[in-house]
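One structure is given below, encoded as structure tokens.
Each reported figure results from applying straightforward, stated rules to the coordinates on display, with no laboratory input. Just so it is clear, the structure is predicted and the values come from calculations on it, not from any experiment. Don't worry about glycine lacking a Cβ; one is built from the backbone with ideal geometry, like all the others, and counts go over all protein chains shown.
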2 protein chains.
Amino acid sequence: MIDRPKPILKLRRLGIDTYKEAVIYMRKDCHVCRAEGFEVQARVRVSLNGKALTATLNMIRNGMLEAGEAGLSEHAWEKLGAKEGDEIYISHLPPVHSLSHMRSKIYGHALEADQMDSIINDIVAGNYSDIHISSFLTACAGGRLSGEEIVSLTHAMVDSGDRLDWGKDLVVDKHCVGGLPGNRTTPIVVAIVSAFGLTMPKTSSRAITSPAGTADTVEVLAPVNLDVPAMRKVVETEGGCIVWGGAASLSPADDVLIRVEKALDLDSEGQLVASVLSKKIAAGSSHVLIDVPVGLTAKVRSMEMAEILARYLEQTGAALGVGVRVHTSDGSQPVGRGIGPALEARDLLSVLKNENAAPQDLRERALDLAGHILEFSPDVKNGQGRTLATEILDDGKAWVKFQSICEAQGGMRDVPKAPYTHVVAADRGGLVADIDNRRIARVAKLAGAPADKVAGVDLHTPVGANIEKDQPLFTVHAESPGELDYALGYLEEQDDIIKIEEV
Amino acid sequence: MIDRPKPILKLRRLGIDTYKEAVIYMRKDCHVCRAEGFEVQARVRVSLNGKALTATLNMIRNGMLEAGEAGLSEHAWEKLGAKEGDEIYISHLPPVHSLSHMRSKIYGHALEADQMDSIINDIVAGNYSDIHISSFLTACAGGRLSGEEIVSLTHAMVDSGDRLDWGKDLVVDKHCVGGLPGNRTTPIVVAIVSAFGLTMPKTSSRAITSPAGTADTVEVLAPVNLDVPAMRKVVETEGGCIVWGGAASLSPADDVLIRVEKALDLDSEGQLVASVLSKKIAAGSSHVLIDVPVGLTAKVRSMEMAEILARYLEQTGAALGVGVRVHTSDGSQPVGRGIGPALEARDLLSVLKNENAAPQDLRERALDLAGHILEFSPDVKNGQGRTLATEILDDGKAWVKFQSICEAQGGMRDVPKAPYTHVVAADRGGLVADIDNRRIARVAKLAGAPADKVAGVDLHTPVGANIEKDQPLFTVHAESPGELDYALGYLEEQDDIIKIEEV
């Protein structure tokens, strides 16, 4: 065997954050590039400490790296557990066989279960670039996944990570197919359902593109960054919890796929079904209620779309041995009054405490959902769930349960208030005809939500209200004057986020 | 109007080469990220000197940038004509409307001509990320483009760049649908055809994944980096030229799409037809001959695939007013003897000079193609082209013409020789049954081709030859002992790149 120069380079930390993309930075003139024939943008294998990942090669042309050195993007650095000066081994990428299955799907052939497994495994292992993932998602979109393929995709995604087991036959969960600002029913539902005695170990996400995720909102009131053992302890004593799902490795394939779907702004039913159900099944649920708000500026825009989605969800759930019930709801306007973590937390507390001023739409929605979930219990007859849920909320049991869950998660906190606010008033009188969910959410984000917990928008007039000229429409909340100005600057450029019609 | 902080940063050159991806590097804590709410991997608009482009945002976490500074990838730096210390303006990306057409295609709707135009225009303007381009290519692959869509895609790609006009009715061209090492007929064909008196302004590509492109090979013999005015001068005096097409902006959309197609390893007929014809039409051709080598390790693997492709090429050509003729040829083994720029240049010179040792397969292929092209002329009857081509080659007119083209392009050069060579001999006697096109090309690349002109592989035994044990099979050529060792190291790991069967 002829000796070849060893493809080893010494690491220097460059501190470049590329989000979840693994990038390796090497000098164009380095001995590894020359010997291995690597070109810029090549996908290469990087090994260190017995771990390995696939990275995209970027070339450094100037003195940022010394001869014999390489850099890694922060994501790759952390994944490999690298330290300054560590020696990494760089090699050609072994062929990714599942890409041929993907190409076969592009040419219209259905994917077998084992082919779907190998694609998802390669995606989780980081063997697909974003270009490959985008192609896979596109090949599966537009109704090109059969019912069987959706089942095998969901299976493969569950198998790609850990799966929790609560040692019970009945473990309930809920999920909302997004798109509605302020729709923070989950903490109320968990309080009611676990006060009744069902097991509801709820993991929630943080906001990705919205002004607040459930995890962001609950974090205003209690810690949510619990690992699986800590979560288990809360559920054992309280029956329910509301924690951030990111600490557990549940359906990690979903996180990768969602990132690329967002860039494509593509929501295919098949991916959506697999995404939702794989997370719930991995979290150990036996019964799942899925809330689908339907409205022109919500994610699901028509009842027809909602029905197709419901059928896929129920069929896939049945194939995977999970009871799925789909509930459609009004998605025409924001729910509650606040948009943003602290404002939404204020709203849900007000419902739990049965305050007179509590937003009734949030209360009614939470009761609808809790009622359906209670009916998963063999002890609750169909049609009785909502009455039962109302009793548990009205007599204060839900509020007591919510406080003990918060204490069990690490201690309950007060809701903070924004130091800077600005009231936006109506420029004419009339009927509030429409509130644009997407643009009002954007105002809340520009004001600093969800990173600033207190930032957001507080709505004062629901759709259908009659208002006078100069009556307050909403208040923008921010943590700094700069951010407040920034949100107001955007507002000045917008017409009719809240549409007022002459009566 | 409320004052907002100006989204301006000062440029520092970081020297990071990301190939053709535009990346902007900003500090996480910079005032622009905070004010505009930019997240890592966001797509943002960067403006300088009246130019603008869309870039992907990477965050810098350590001291590589000072407060108020930003960096750009080299591609973006060059495209904006940036200088150290220039002030760039960063803004949100305006919505890319054509993405909705792309999504509509994903959902199975045919694209109208104006929708195709807007997609291609946005791709050329850099408004699509690689994720978007991958999705567009996938949505169009697998036979999902109709004949009409292929026509409008080709139209849109032609319109995306410049279009040359030679002021003549008959302008001929050829193209080979790749995949066959050593198949360097073009320079011979151009010499014969322009010696006859036809206009053949040939632009060729450099190698992308092969050991040599036509431009790399011709560059061994004469300069090929001619701009359009220089090319025009050569064609006016000589009738033909053989230059690198990269200097002219012909079908720039094609260059972007091909880069992502390579990463996907996806060749759909529709894209291939649009890619080939858009380049030829933009180059001002009226008649195009397309050579399609068919073989198990060539790009087109069956006659059936070749026929489908031929039909699309001819129909699309007809719709765009260009005469297209498709010629299928044997794609079962490499052509000529040499693989790599200098070795291929040696082979084609030997054919042009009518040397006894000239590779006959290269000669015969060049005559086939030149014969077909001559028949595009109204003065040549069908069936007479090949005889005419043979006369022009045999009586030395083609060789004289080739030399004057080389002189007109900047001066003819001698073929250099490799300082390091290694002969690989047969480990047993028998019949040469097969040569693996793809792996023998890889050996040539590992030896340094095409960057090192002298590097490559010289084949000594064609398929069908009877050989003795220890008889030389091929010689590896390299410019340095390290690269020679590297190619030999790969060879040691391979079985049967040249398959020898017992007789």
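Okay, here's what the table says:
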read-out	value
Pairs beyond 28 Å (Cα-Cα), from A:6/B:28; B:168/B:299; A:79/A:417; B:445/B:499; A:10/A:279	A:6/B:28; B:168/B:299; A:79/A:417; A:10/A:279
Copy-to-copy label separations for residue A:114, where each label sits 7 Å from Cα toward Cβ, in nm and ascending	5.2
Residue A:146 paired with residue B:64, simple spin-label distance in nm, labels 7 Å along Cα-to-beta-carbon	4.8 nm
Karplus-derived HN-Hα couplings along segment B:108-124 (A = 6.51, B = -1.76, C = 1.60, θ = phi - 60°), whole Hz, x at Gly and Pro	x, 8, 6, 8, 6, 4, 6, 5, 4, 4, 5, 5, 5, 4, 5, 5, 5
Residue A:225 paired with residue A:422, simple spin-label distance in nm, labels 7 Å along Cα-to-beta-carbon	3.2 nm
Listed residue (A:170, B:77, A:370) projecting farthest to the positive dipole end of the protein assembly as shown, Cβ model	B:77
Signed unit charges on C-beta, dipole axis of segment B:8-92, positive-most listed residue B:65, B:53, B:9	B:53
Ellipsoid equivalent to the protein assembly as shown - semi-axes via the Cα gyration tensor, in Å	61, 30, 28
For residue B:60, residues with placed amide H under 5 Å, excluding near neighbours	A:17, B:26, B:27, B:28
Cα Rg, Dmax (largest Cα-Cα span) when computed across segment B:98-159, Å	10.4, 27
Quotient of C-alpha Rg and 2.2 N^0.38 Å, computed over segment B:248-382	1.16
Equivalent ellipsoid semi-axes - Cα gyration tensor, segment B:145-201, angstrom	26, 19, 9
Label zone at residue B:232 (point 7 Å along Cα-to-Cβ), backbone N below 13 Å, segment B:138-182	B:163-168
Student exercise, chain B dipole from Lys, Arg, Asp, Glu Cβ charges, in Debye to nearest 20	1140 debye
Spin-label pair residue A:262/residue B:247, simplified geometry with 7 Å Cα→Cβ offset, distance in nm	4.6 nm
Built amide H within the under 5 Å cut-off of residue A:176, gap 5+	A:291
Radius ratio Rg over Rh of segment A:357-471, counting only Cα atoms, Kirkwood formula for Rh	1.07
Square roots of 5 times each gyration tensor eigenvalue, C-alpha, segment A:178-322, largest first, Å	25, 18, 16
Electrostatic dipole magnitude of segment A:396-503 [Cβ: Lys, Arg +1; Asp, Glu -1; Cα centre; debye, to 20]	680 debye
Inter-copy separations for residue B:439, label at 7 Å along Cα-Cβ, nm, ascending	6.4
Angle in degrees between helix A:186-196 and the longest Cα principal axis of chain A, rounded to the nearest 10	70 degrees
C-alpha center-to-center spacing [segment A:297-315, segment A:194-256] in angstrom	25 Å
Amide H contacts under 5 Å for residue B:424, placed H, 5+ residues apart	B:473, B:474, B:475, B:476
Modelled FRET efficiency - R0 45 Å, residue B:320 with residue B:28, Cβ distances, 0.05 increments	0.35
Value of Rg to Rh for segment A:8-92 (Rh from inverse mean 1/r over Cα pairs, i.e. Kirkwood)	0.90
Sites residue A:83 and residue B:107 - FRET efficiency at Förster radius 45 Å, r taken between beta-carbons, to 0.05	0.40
Normalised alpha carbon radius of gyration of chain A [divisor 2.2 N^0.38 Å]	1.08
Listed residues A:399, A:190, A:433: farthest to the positive end of the dipole of chain A (Cβ charges)	A:190
Calculated FRET value between residue B:6 and residue A:384, using beta carbons and R₀ = 45 Å, to 0.05	0.15
Angstrom value of the Kirkwood radius, inverse mean 1/r, which spans all Cα pairs in segment A:192-242	11.6 Å
Among beta bridges that DSSP assigns inside chain B, antiparallel share in %, nearest 5	55 percent
Angle in degrees between helix A:437-446 and the longest Cα principal axis of chain A, rounded to the nearest 10	70 degrees
At 7 Å out from Cα toward Cβ: residue B:63 inter-copy label distances (nm, ascending)	1.5
In sequence order, calculated HN-Hα J values of segment B:140-155 (Karplus, 6.51, -1.76, 1.60; Hz; x Gly/Pro)	9, 7, x, x, 8, 9, 6, x, 5, 5, 5, 4, 6, 5, 4, 3
Dipole magnitude (debye, nearest 20) for segment A:193-345, charges at Cβ of Lys, Arg, Asp, Glu	180 debye
Per-selection metrics, segment B:420-501 (Cα): Rg and Dmax in Å	12.3, 35
Estimated vicinal HN-Hα couplings, Hz - segment B:291-306 in sequence order (Karplus 6.51, -1.76, 1.60; Gly, Pro = x)	8, 10, x, 10, x, 4, 10, 8, 5, 9, 9, 9, 5, 4, 4, 4
Reachable aspartates and glutamates from residue B:20, criterion Cα separation under 16 angstrom, eight or more residues apart if same chain	A:39, A:130, B:74, B:78, B:122, B:130, B:254, B:255, B:261
Between segment B:359-403 and segment A:44-62, the Cα center-to-center distance that results, in Å	51 Å
